[in-house]
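Below is one structure, written out as structure tokens; comments come after it.
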Number of protein chains: 2
Amino acid sequence: MNGARSLLSALVAHGVDVCFANPGTSEMHFVAGLDAVPQMRGVLTLFEGVATGAADGYARMADRPACVLLHLGPGLGNGLANLHNARRAHVPMVVVVGDHATYHKKYDAPLESDIDAVARTVSGWVRRTLDTGDIAVDVAAAVAAGRAGVVSTLILPADVSWTDSEPAERSLRSDHVPDPFPTPAAAAVVDDDAVRDAVAALDSGAATVLLIGGDATRDAGLSAAARIAEATGARVLCETFPTRLRRGAGVPAIERLAYFAEAAEEQLAGAEHLILAGAASPVSFFAYPGRPSDLVPAGCEVHTLATHSGATAALEALADELGGDTVVPVAPLRRPEMPTGALTAFSTAAAIGALLPEDAVIVDESNTAGIGVAAATAGAPAHDVLTLTGGAIGYGMPAAIGAAIAAPGRPVLSLQADGSAMYTLSALWTQAREQLDVTTVILNNGAYDILRIELQRVGAADDAPAGPQAQRLLDLGSPTIDFVKIAEGMGVPARRATTAEELAAALTAAFAEPGPHLIEVVLPSLVSG
Amino acid sequence: MNGARSLLSALVAHGVDVCFANPGTSEMHFVAGLDAVPQMRGVLTLFEGVATGAADGYARMADRPACVLLHLGPGLGNGLANLHNARRAHVPMVVVVGDHATYHKKYDAPLESDIDAVARTVSGWVRRTLDTGDIAVDVAAAVAAGRAGVVSTLILPADVSWTDSEPAERSLRSDHVPDPFPTPAAAAVVDDDAVRDAVAALDSGAATVLLIGGDATRDAGLSAAARIAEATGARVLCETFPTRLRRGAGVPAIERLAYFAEAAEEQLAGAEHLILAGAASPVSFFAYPGRPSDLVPAGCEVHTLATHSGATAALEALADELGGDTVVPVAPLRRPEMPTGALTAFSTAAAIGALLPEDAVIVDESNTAGIGVAAATAGAPAHDVLTLTGGAIGYGMPAAIGAAIAAPGRPVLSLQADGSAMYTLSALWTQAREQLDVTTVILNNGAYDILRIELQRVGAADDAPAGPQAQRLLDLGSPTIDFVKIAEGMGVPARRATTAEELAAALTAAFAEPGPHLIEVVLPSLVSG
């Protein structure tokens, strides 16, 4: 068995059985090995950023890592932005980067580059396998590291891939091999001192905000947080960009910390205690002249109850400690009325709220144009939302691939702003190739609206209004991007909606028919360009 | 004047007056400054890899660097593959990466990452400007480094961008500021010992190959190399992927070293001396089991006459030393006959050779499907060819943008394989936005044909033919990609050609009308899938 097959077998043995791939010559033995290891599902992507984003969406929904197969340093570079998003959210992933044969590197062939240095900037674990006999051990370590919430990167030289491995004994010589099948991460150890500290803050009578994130944004964590709020009157907020948020009818409702720092400051105003459960202490997404980076109100005491992976357990311990009712209020089923007439960001959101299917997964990269979606879907059937955790755009359409593969029975709604859609467009082709049940709604306002807003907020237009050269760099309307044609060009059926009635008809049809669909919603810009 | 305007003014003062930009919030002051520095042309790209590839194509044709504006670490990551290609070819470029405000970095906001580490892997010069007053000096150093043939990366924190600078004296305090306007790189110093060594090899009577590259693949270098060949009988070859190769009618013809190592070995077989002028010693692009990486024949002595930037001067000195006629044979004007009937890779190439306009720039990322283009255009009107110097695909359509902007009077022909076209597709939108005279020919064979070939060559299919899972990862035909729709979706007029007659009509129309056009050529795969 050559190294590539050892690798595939070891990945499958450790529960990694989907590989999002964009291979090249140095990965041909991996590709050829797929037929010998049929448990591994290879999914072709036409750009590496699609592969890494898909693996992120997959892991968020499957709760276990997928593999990503990339070609040398440039392939890793193309995948870097979505690896950044995964890193920021502690999403597990096993990235295999093929490299030149060990003996070939010294010749500095055209594709030679410093893979290790780039990998270290996004990976919690990096290893270069130099001997075929080490593959099984290295895969075990990579998966174990990934399961702890990091991007693991295994660099695999071509000759290690094509060389036959030693007998199986050697592969198993290490005692570092974890369980052959993935299990949920071991129950987090709750820090009793941190719980007592939180109880004291909550019992003090002072205004307290509980900010949750990490693993606490699913049913169990939300319920525990809601119990705490019921028992103490504390205000509960969720981090701005949760990795996977459960919400909708029957789920305890939670307010997200606002993206714009001014709004977040208002949400946090008056807090004397801030308890962090899985969330980082709130900071401004960007710096703005004359405004604070740290959003914790002056004089507010910050308490860290738990970090990202132990937040639910800690919240449950805290809720138990506080006692009180275990039945908490949940959002009622209450959909918006179907809007009519010309579409705006808000009527688009209302149509989505009115028609969202049961148990959907929303991948949200709608940015400014999605401003109304949270409110409009608050009472829709319960669903999961995946958000842009690291701010690197081009995440949504790839992540929708992974979510659909991880949750094959669930409809995926990919809400996508026009500007960010242009980064990883070929995700649509993979959605068509795999016939995934993804409905993409492109919110096309013909502009980088967020930047039109930020241009004002950073004071760049204070001396004089931005001139035509500046405006031209924020305008996407000249020429107009026709997402219907682009989608059809990649094999995804598509239609355009300019009225609420057209959008309702398009959403209804897309949700009713399996496979991918795209709906382009033509919206006015929120800001004059 | 704030830091952003200082930056723009300094760039313009040093002859950098085109900026390929994909900005974000931290770059808003740069964007707002464009109207105050109208000498700088801002060109919006919708993905960072388009910006970096455009800057590469620009510098190859303008012989001076463009600026690239990127947004934080993920923006740099998205631009990395084409920065790799530029690095490998010693193409100058000034990359400005906006970063968080200096005081904001410690808060580890979502977009925080190690920009410096990533930048160092592709840049010959990296500096982080921490004081607005240093901007003019840092820009001078960045441009000077770039002009020496590297990617220069200047990391610009948002607060340095928005803070008002000190009086102008400070900006000019350094004596490191180069000439305000770019001049060709100083005449390279010719190594007389290396010339004498080459003369001895050429006079020895032993079989000698002269391998040229770097700056020697334009008229002067090619003429000098041809004189040497005429005087000595040496065989002249050009590196496999020249940065900018002049060829066609009236230019000394030169054979490129083959991509496949077996073919390159045949070209070099029997050589007893190999003289390198601007080219690296030949190595296999990838390693293959049982085949050598080093392509220099056993016993052949390698002589380095010059490196990339001094190759023309050294060749001229060598030619003068050898004496002989200064009139060298050049390629005659001889176009192929117009083909007819169904299209193949070869008839497509013949149509291109028959119709190529005067003084065109060919950006060649046609890969396997372009197999016939070199022969078919050998006698076409003289033209320049830009090639994929670093092997990172997704280069061609962005580079065509830069070439068209750098050489506005010249038609650009962008030959693009289907697989690599999918990496940086949104380049088409920028071609439409800027109304660039680029004719893109997509060679759509529905497959990663190069990988179908490499799968065999690396021996991955030796034990058994590649199975359906493997073949599926090399197939682009399911679903079929419709490049006509995709191009139209981005504002580029497009048509499809399935016969030579249709291709001739489409090429004729595209070359006759200014502005961008795309022609999709539907080809059979070279290899059965």
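The values are calculated or read from the model by the stated rules, or taken from the named source; none is laboratory data. All of these numbers come straight from a predicted model, not from anything done at the bench. When we count neighbours, we look across all protein chains shown, and the Cβ atoms used for this are built from the backbone with ideal geometry, even at glycine. Just the protein is used for accessible areas: all its heavy atoms, side chains included, with ligands, DNA and RNA removed. Shrake-Rupley method; radii C 1.70, N 1.55, O 1.52, S 1.80 Å.
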Compute the separation of the alpha-carbon centres of the range A:119-144 and the range A:197-217 and state it in Å as a whole number.
-> 39 Å
Can you tell me the Rg and the Dmax, both Å, for the Cα atoms in the range A:284-336?
-> 17.6, 46
Please report the orientation-averaged projected area of the protein assembly as shown, defined via the convex hull of its C-alpha atoms, in nm².
-> 41.3 nm²
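Quick one: if the Förster radius is 30 Å, what FRET efficiency do B:A464 and B:E266 give, using the C-beta to C-beta distance and rounding to 0.05?
Details: r = 30 Å, r/R0 = 0.99.
For R0 = 30 Å, the calculated efficiency reads 0.50.
Looking at the protein assembly as shown, what % of its DSSP beta bridges pair antiparallel, to the nearest 5?
On the way: 16 of 144 bridges.
So the antiparallel bridges in the protein assembly as shown amount to around 10 percent.
What ranking of A:T52, A:T232 comes out by heavy-atom accessible area, probe 1.4 Å, highest first?
Numbers: A:T52 0, A:T232 45 Å².
Largest accessible area first, the list is A:T232, A:T52.
Would you please put A:486-492, B:217-223 in order of how densely packed they are, using the mean number of other Cβ atoms within 10 angstrom per residue and starting with the highest?
Working: A:486-492: 25.3, B:217-223: 21.0.
Output ranking for A:486-492, B:217-223: A:486-492, B:217-223.
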Compare each residue of the range A:56-82 in its chain alone against the assembly with all protein chains, and report those whose accessible area goes down by 50 Å² or more; 1.4 Å probe, heavy atoms.
-> A:P74, A:N78
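When DSSP assigns beta bridges and you keep just the ones with both residues in chain A, what percent turn out antiparallel, to the nearest 5?
Details: 8 of 72 bridges.
Just about 10 percent of them are antiparallel.
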Semi-axes a, b, c in Å (a largest) for the range A:3-171, each sqrt of 5 times a Cα gyration tensor eigenvalue, come to 21, 19, 14
What accessible area per residue, rounded to a whole number of Å², is obtained for the range A:345-522 using a probe radius of 1.4 Å?
-> 26 Å²
Within a 10 angstrom radius of each residue's Cβ in B:418-427, how many Cβ atoms of other chains show up on average? Whole number is fine.
-> 4
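For every helix of n ≥ 4 consecutive DSSP H residues, a contribution of -39,500 (n - 2.57) applies; sum these over the protein assembly as shown, divide by its total residues, and give [θ] at 222 nm rounded to the nearest 500 deg cm²/dmol. Walk me through the intermediate numbers first.
Values: 42 runs with 389 residues, N = 1058.
It lands at -10500 deg cm²/dmol.
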Step through the residues of the range A:489-496 one at a time and calculate ³J(HN,Hα) from phi using the Karplus curve (6.51 cos²θ - 1.76 cosθ + 1.60, θ = phi - 60°), rounding each to whole Hz and writing x for Gly and Pro.
-> x, 10, x, 9, x, 8, 8, 10
Within a 10 angstrom radius of each residue's Cβ in B:83-92, how many Cβ atoms of other chains show up on average? Whole number is fine.
-> 2
Reachable lysines from B:K485, Cα under 19 Å, same-chain residues fewer than 8 places away excluded?
-> A:K485
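First compute the accessible area of the range B:192-322 with a 1.4 Å probe, then give the percent of it belonging to carbon and sulfur atoms. All intermediate terms of the calculation are to be shown ahead of the outcome.
Details: 2270 of 4870 Å².
The nonpolar share, carbon plus sulfur, comes to 46 percent.
Rounded if a/c is under 1.5, else prolate if a/b beats b/c, else oblate: with a ≥ b ≥ c from the C-alpha gyration tensor eigenvalues square-rooted, which is chain B?
Values: a/c = 1.65, a/b = 1.22, b/c = 1.35.
Verdict is oblate for chain B.
Answer rounded, prolate or oblate for the range A:192-322, using the Cα gyration tensor with square roots of eigenvalues a ≥ b ≥ c: rounded when a/c is under 1.5, else prolate when a/b is larger than b/c, else oblate. Kindly include the intermediate steps, with their values, before the conclusion.
Details: a/c = 1.77, a/b = 1.28, b/c = 1.38.
Because a/c hits 1.5 or more and a/b fails to exceed b/c, the range A:192-322 counts as oblate.
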Shape call for the range A:441-484 from the C-alpha gyration tensor, a ≥ b ≥ c root eigenvalues: rounded (a/c under 1.5), prolate (a/b greater than b/c) or oblate?
-> oblate
Averaged over peptide B:17-30, how many Cβ atoms belonging to another chain are found within 10 Å of each residue's Cβ?
-> 5
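Taking a quarter of the surface of the convex hull around the Cα atoms of the range B:343-438, what do you get in nm²? Present the calculation step by step, with values, prior to reporting the outcome.
Numbers: hull surface 23.5 nm².
Seen from a random direction, the Cα hull of the range B:343-438 projects 5.9 nm² on average.
Based on the mean of other Cβ atoms within 10 Å per residue, sort peptides B:149-159, B:338-348 so the most packed one is first.
Working: B:149-159: 25.3, B:338-348: 18.1.
Result, highest mean first: B:149-159, B:338-348.
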In short, the range A:283-309 residues buried by 20 Å² or more of accessible area relative to the isolated chain (1.4 Å probe) are A:V283, A:F285, A:F286, A:A287, A:P289, A:S293, A:D294
Interchain or sequence-distant (5+) residues whose placed amide H lies within less than 5 Å of the amide H of A:V236 are A:L210
In A, who owns the beta-carbon nearest the axis carrying A over to B, and how many Å from it?
-> A:K485, 2
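Where both partners of a DSSP beta bridge lie in the range B:345-522, what percent of those bridges are antiparallel, to the nearest 5? The partial results should precede the final answer.
On the way: 1 of 26 bridges.
Bridges in the range B:345-522 that DSSP calls antiparallel: roughly 5 percent.
Taking the highest mean first, how do the peptides A:371-377, B:235-241 order by number of other beta carbon atoms within 10 angstrom per residue? Show your work: numbers first, answer last.
On the way: A:371-377: 20.0, B:235-241: 22.0.
Ranking the peptides A:371-377, B:235-241 by packing returns B:235-241, A:371-377.
Over both sides of the A-B contact, add up the buried accessible area with a 1.4 Å probe and give it to the nearest 100 Å².
Details: alone 21340 and 21330 Å², together 34590 Å².
Chains A and B together bury approximately 8100 Å².
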Buried on assembly, the range A:107-140 (at least 50 Å² less accessible surface than by itself, 1.4 Å probe) = A:Y107, A:P110, A:L111, A:T121
Using a 1.4 Å probe, what is the accessible area per residue for the range A:3-171, in Å²?
-> 23 Å²
Using Cβ-Cβ distances only, list the Cys residues of chain B with no partner cysteine under 4.7 Å, sorted by number.
-> B:C238, B:C300
Normalised Cα Rg of the range A:380-494, dividing by 2.2 N^0.38 Å with N its residue count, works out at 1.25
Taking the Cα centre of each part, how many Å lie between the range A:311-361 and the range A:239-266?
-> 11 Å
